[in-house]
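Nothing in this text is a laboratory measurement; each read-out follows from the coordinates by a stated rule. Because the structure is a prediction, the values reported are computed rather than measured. Cβ: placed from backbone, ideal geometry, glycine included. Neighbour counts: every protein chain shown.
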Amino acid sequence: MIKFFRRIRQKILTKNKPALSAGKFSKYAAYATGEILLVVVGILIALQVNNSNQQRLDKKKEYLILEEIHTEFTFNKVEMEETQKQYSLAKDDAKKIIALFPINPKDIDLDRLATCFSRITFNPSFDVSKGSIESLKYASSFEIISDAELRTLLLRFDDLVEDYADRESRSKNFSIDYLDPYLRLHLPSPVDIGIKDPRIDLSFLATIEFENLIKERLQKIQNFTQILEDPERPLVKSVNRIIELSRVE
């Protein structure tokens, strides 16, 4: 490109040679000015080409990152819905037990109670995958995401997950530290089978302690599952929006 402009300049100098012959200084000044202009034009063109190449590379990198984010958060949505489904069953069974209070151990349906025990003591986890976010954080490259809304959602996602994880953890810890030991104290393991063991004394089902444990278990589950059940709650809304904004053609 520079050679092309140089040829044009030389033609102009040759064409105007009589006018330039009035003084070598003018001739050299014109020549130097032309060289400078050629260098400047060459630099500008090189910068433009370099910028275009960098933009293409950045766009390709963003495309790959968006694909990774979309795949990861689609997986998160499936995990979230499955976790919500499992705890919904646990809530229903806790309510079924509560509806029997005060329990008369002689009249209880042990098969029904066995199913309820199996579900209320089950503690699935919403294992959120955040590898794509961690990669962006590690490389300090969130700016590669051109969509400002998506960038903001990704930056705030950790806080939403932390709030959910804290509530889920409290519910699981209550089950592990209080409900499970209480049931194991009175029933052989696993408790859903142990409830039918002819050796056990079912009188514990009529105690206030048992009633309080089941009620507390229900409350703890409700405290965090509401985050998963309402599509307008920040966590669910963010997951759905991130999936939508990261979709690439």
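Where in the stretch 141-158 does the label zone of VAL248 land, with the point 7 angstrom along Cα→C-beta and an amide N cut-off under 19 Å?
Those under the cut-off are 141-155.
Could you point to the residue in LEU153, PRO181, PHE224 farthest towards the positive end of the stretch 99-249's charge dipole, with +1 and -1 charges on the Cβ of Lys/Arg and Asp/Glu respectively?
With unit charges placed on the Cβ atoms, the residue in question is PRO181.
Using the Karplus curve 6.51 cos²θ - 1.76 cosθ + 1.60 with θ = phi - 60°, what ³J(HN,Hα) values do you get for each residue of the stretch 199-205, in whole Hz, with x for Gly and Pro?
Each residue of the stretch 199-205 in turn: 7, 7, 9, 7, 5, 4, 5 Hz.
Using 7 Å Cα-to-Cβ label points, what is the THR115/LEU64 separation (nm, one decimal)?
Modelled inter-label distance: 5.1 nm.
Which ordering of PHE101, PHE73, PHE126 is given by a fewest-first count of other beta-carbon atoms within 10 Å?
Lowest count first: PHE101, PHE126, PHE73.
Size of the dipole of the stretch 101-171 about the Cα centre, Lys and Arg at +1 and Asp and Glu at -1 on the beta carbon, nothing else charged, in debye to 20?
240 debye
Quick one: if you stick a label point 7 Å off each Cα along the C-beta vector at SER135 and ASP163, how many nm between them?
Taking the simple label geometry, SER135 and ASP163 are separated by 2.8 nm.
Which whole-number percent gives the relative contact order of the stretch 76-245, counting Cα pairs below 8 Å spaced six or more residues apart?
Relative contact order, the stretch 76-245: 37 percent.
In percent, what relative contact order does the stretch 73-125 have, based on Cα pairs under 8 Å that are 6 or more apart in sequence?
Contact order relative to length: 53 percent.
Whole-Hz Karplus ³J(HN,Hα) for the stretch 155-170, in order, using 6.51 cos²θ - 1.76 cosθ + 1.60 and θ = phi - 60°, x for Gly and Pro?
5, 8, 5, 4, 5, 5, 5, 4, 5, 5, 4, 5, 5, 4, 5, 5
Evaluate the charge dipole of the stretch 76-245 about its Cα centre and quote only its size in Debye, nearest 20, assuming +1 on the Cβ of each Lys and Arg and -1 on the Cβ of each Asp and Glu.
Dipole about the Cα centre, nearest 20: 320 debye.
Just going by the charge dipole of the stretch 76-245, with Lys and Arg at +1 and Asp and Glu at -1 on Cβ, which of PHE122, ASN212, ILE242 is farthest out on the positive end?
Of the candidates, ASN212 comes out farthest on the positive side.
Would you grab the residues whose amide H sits under 5 Å from the one on SER141? Only those 5+ places off in sequence or on another chain, please, with H modelled 1.01 Å from N.
Answer set, sorted by chain and number: none.
Taking neighbour Cβ counts within 10 Å as the exposure measure, how do ILE195, ILE98, ILE243 sort from fewest upward?
Ascending number of Cβ neighbours within 10 Å: ILE98, ILE243, ILE195.
For the stretch 199-249 and the stretch 61-96, what is the centre-to-centre distance using only Cα atoms, to the nearest Å?
So the two Cα centres are separated by 13 Å.
Quick one: order LYS60, LYS96 by neighbouring beta-carbon count within 10 Å, fewest to most.
Lowest to highest Cβ neighbour count: LYS60, LYS96.
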